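The values are calculated or read from the model by the stated rules, or taken from the named source; none is laboratory data. What you see is a predicted model; the values in this text were computed from it and never measured. Cβ coordinates were reconstructed from backbone atoms using ideal geometry, including for glycine residues, and neighbour counts include every protein chain displayed. The accessibility values were calculated without ligands, DNA or RNA, using every heavy atom of the protein model including side chains. Shrake-Rupley method; radii C 1.70, N 1.55, O 1.52, S 1.80 Å.
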Amino acid sequence: MTCAYTRDVGLLVLRGAVGGSLVAHGVQKLFGWLDGPGLDGMAGAMDHMGFRPGRANAVAAGVGEAGGGTLMLLGLATPAAGAAGLGTMAAAAAVHAPHGFFAGNGGLEHPLVLGVASGALALTGPGRYSLDRLLGDRLCGPAAGVAAVAAAAAASCAVLVRRRRALHAEAAAVEARAADLDLLP
C-alpha cells in the first residue's frame with residue numbers, strides 16, 4: 001500500500017465526514033429535516049442573530065451547506081464545495097464565539113472544525129476517488145483552491161461586517177428607547 005493510496009482514502013473519508021455533516025445542517029435549515037427548524041424557523045433565527053434579511057441569509061446558509069456538502073461528498077468542484085463550507089462555517093463560528101471554544105457550552109468548536117476542514121479540502125483537492133478526478137481535474141487545482149478560499153474569506157468578512165452593523169444599530173435603538181423612557185415624568 002502506497003502513501004498516495006492511503007492519502008486518497010483519507011481524503012475520501014474526510015470528504016464523507018465533512019460533506020455529510022454539512023448536508024445534514026443544510027437540510028435542517030432548508031427543509032426542517034433531521035429535527036431542523038426549516039426555512040421559516042431559520043429565517044427568524046437568522047434575523048435574531050443579526051443576519052438580515054433573515055430569510056435570504058437562511059437560504060444562503062442552507063444552500064451553502066447542503067449544496068457544498070453534496071459536492072464535497074461527490075468530490076465534484078471541490079474548491080467551490082470547500083469554500084462554501086468554509087464560508088458558512090465562518091459565520092456560524094462568529095455566532096458561537098462569545099460562548100467560548102467548547103461545543104458543550106455553545107462554543108465555536110464544531111463550526112471551526114468543519115470550516116477549517118472544508119477550507120483544507122478546497123486547497124488539497126478531493127483525491128483520486130472523486131468525480132473531479134474522473135473529469136480530469138478540470139474543476140479543481142491549486143489555483144482554483146486558493147481563489148475559492150480567498151473568495152469565501154472575502155464573502156464571509158462582508159457578511160460578518162453587515163451583521164455587526166445590524167447588531168450595533170439594534171443596540172443603539174434599544175439604548176435610545178431606554179433613554180427616552182428615563183426622560184418621561
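Applying the set (1) over 14 Å from Gly16 (Cα atoms); (2) touching a residue at least 24 places away in the same chain (Cβ under 8 Å); (3) more than 18 Å from the chain's Cα centre (by Cα) to Ala77 leaves exactly one unmet item: (3). For first residues located in segment 52-65 and without any contact (Cβ under 8 Å) to a residue 24 or more places away in the chain, partners that are part of a helix (DSSP H, G or I) and open to solvent by less than 10 Å² (accessible area, probe 1.4 Å) and lie 6+ apart or on another chain with Cβ distances below 8 Å do not occur. Filtering Leu39, Leu11, Leu30, Leu22 for residues that are over 18 Å from the mean Cα position of the chain (by Cα) and surrounded by 13 or more Cβ atoms within 10 Å (Cβ to Cβ) leaves a single hit, Leu11. Across segment 123-168, what is the number of residues that are assigned to a helix (DSSP H, G or I), hydroxyl-bearing (Ser, Thr, Tyr) and either open to solvent by less than 60 Å² (accessible area, probe 1.4 Å) or without any contact (Cβ under 8 Å) to a residue 12 or more places away in the chain (or both)? Residues flagged as assigned to a helix (DSSP H, G or I), hydroxyl-bearing (Ser, Thr, Tyr) and either open to solvent by less than 60 Å² (accessible area, probe 1.4 Å) or without any contact (Cβ under 8 Å) to a residue 12 or more places away in the chain (or both) within segment 123-168 amount to 1. What do you reckon, is Ala45 assigned to a helix (DSSP H, G or I), touching a residue at least 24 places away in the same chain (Cβ under 8 Å) and over 16 Å from Leu14 (Cα atoms)? Judged against the criteria, Ala45 is not a match.
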